[in-house]
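The values are calculated or read from the model by the stated rules, or taken from the named source; none is laboratory data. Only a predicted model underlies this, so the values are computations on that prediction, with no experimental measurement involved. Counting neighbours? That spans all protein chains shown, and the Cβs are built from the backbone with ideal geometry, glycine included. All accessible areas refer to the heavy atoms of the entire protein, side chains included, with ligands and DNA or RNA removed. Shrake-Rupley method; radii C 1.70, N 1.55, O 1.52, S 1.80 Å.
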Amino acid sequence: MPGTAETRLRADELAGLATDVPGAPWTCRVDALLWWRVAGRPVRAAARAALPPAVRASAAPLVRVGALVRYHHSPVGPYSEVLGAVGLLGRAGPALHVPFIAVDSAASLVAGRRSWALPKVLGVFDGDARGGAVRAAGRGWGVTAVPHTSRVAAPGAGALRLLQQGPDARLLGAFVLGRGRVAAARVDVAVTGDGLTGWFPAGRCWGAVVSGGLLRLRPPSAPAPTRGAASA
């Protein structure tokens, strides 16, 4: 499964993983902390290097996105998640690619890899996405995020197209829809990991805290072919 070095699974991690997990679509109840930074020219090259070949050929990186999510309800039960993503623009429109993602649920790991080609690995989590420091760590990587949140929250909704490369090198696109109460934030982020430094959004970032969120992940499909690749 394409992903950063931190997402490679060892044989002992693969042993004993469940094979009978719910497939797409999923409907989940979540709280989330999100942050982002624009990909300037030097960082854009690092972000582009984190993309698998099929994604790299179809779109150019514009923004880097991070998230720490607490799933209060999902088809595999409650769990936590951290991810680093690259916002893209190509001939098929805007999309989001996730080269790094970790969870504390083995069932979510299997379902994410199988249904959406998300290179999930296992991690440990501490803190609350709605406030205070939130930490996630795993083998060779760590993410700490501290939000400074506005007291004003308002209803918000959005949709994005997830673009991943499957194990057979085909592109897979899936729509993710969400809504909840959103409060603006500034987020201080620290990150470690050889495959993350250089492109993962860190330092002081713009962000948002989402509470009482509803998240829907639709089944993936092969995106319509385009006539050419976007340039970096």
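Can you give me the distance in nm between label points at VAL176 and ARG204, each placed 7 Å from the Cα along the Cα-to-Cβ direction?
Simple spin-label model gives 2.7 nm for this pair.
Take each of the peptides 101-109, 213-221, average the number of other beta-carbon atoms within 10 Å over its residues, and list them starting from the highest.
Put in order of decreasing packing, that is 101-109, 213-221.
I need the calculated FRET efficiency for the pair VAL38 and ARG8, taking r as the beta carbon distance and R₀ as 35 Å, to the nearest 0.05.
Efficiency computed from Cβ-Cβ geometry: 0.75.
If I take R0 = 35 Å and measure r between the Cβ atoms of ASP128 and ASP168 in this structure, what FRET efficiency does the formula 1/(1 + (r/R0)^6) give, to the nearest 0.05?
That gives a FRET efficiency of 0.35.
Taking the alpha-carbon centroid of each part, what is the distance from region 65-139 to region 1-54 in angstrom?
7
Count the net charge of all other residues whose Cβ sits under 13 Å from the Cβ of HIS73, scoring Lys and Arg as +1 and Asp and Glu as -1.
+2
Can you give the three extents of the C-alpha atoms in the chain along their principal axes, from longest to shortest, in whole Å?
47, 43, 33
Would you tally the net charge around VAL134, using a Cβ to Cβ cut-off of less than 12 Å, leaving VAL134 out, and scoring K and R as +1, D and E as -1?
-2
Can you tell me the relative contact order of the chain? Whole percent, Cα pairs under 8 Å, sequence separation 6 or more.
Answer for the chain is 26 percent.
For the residue pair ARG29 and ALA57, what label-to-label distance in nm results when each label sits 7 Å from Cα along the Cα-to-beta-carbon direction?
4.4
Would you tell me the accessible area of VAL134, worked out with a 1.4 angstrom probe on the heavy atoms of the protein chains, in Å² to the nearest 10?
Solvent-accessible area, nearest 10 Å²: 10 Å².
Report in % the part of the accessible area of the chain that belongs to carbon and sulfur, leaving out ligands and nucleic acids; probe 1.4 Å.
Result for the chain: 57 percent of the exposed heavy-atom area is carbon or sulfur.
When the solvent-accessible surface of protein heavy atoms is calculated with a 1.4 angstrom probe, in what order do SER115, SER150 fall, highest first?
SER150, SER115
In percent, what relative contact order does region 129-170 have, based on Cα pairs under 8 Å that are 6 or more apart in sequence?
For region 129-170, the relative contact order is 27 percent.
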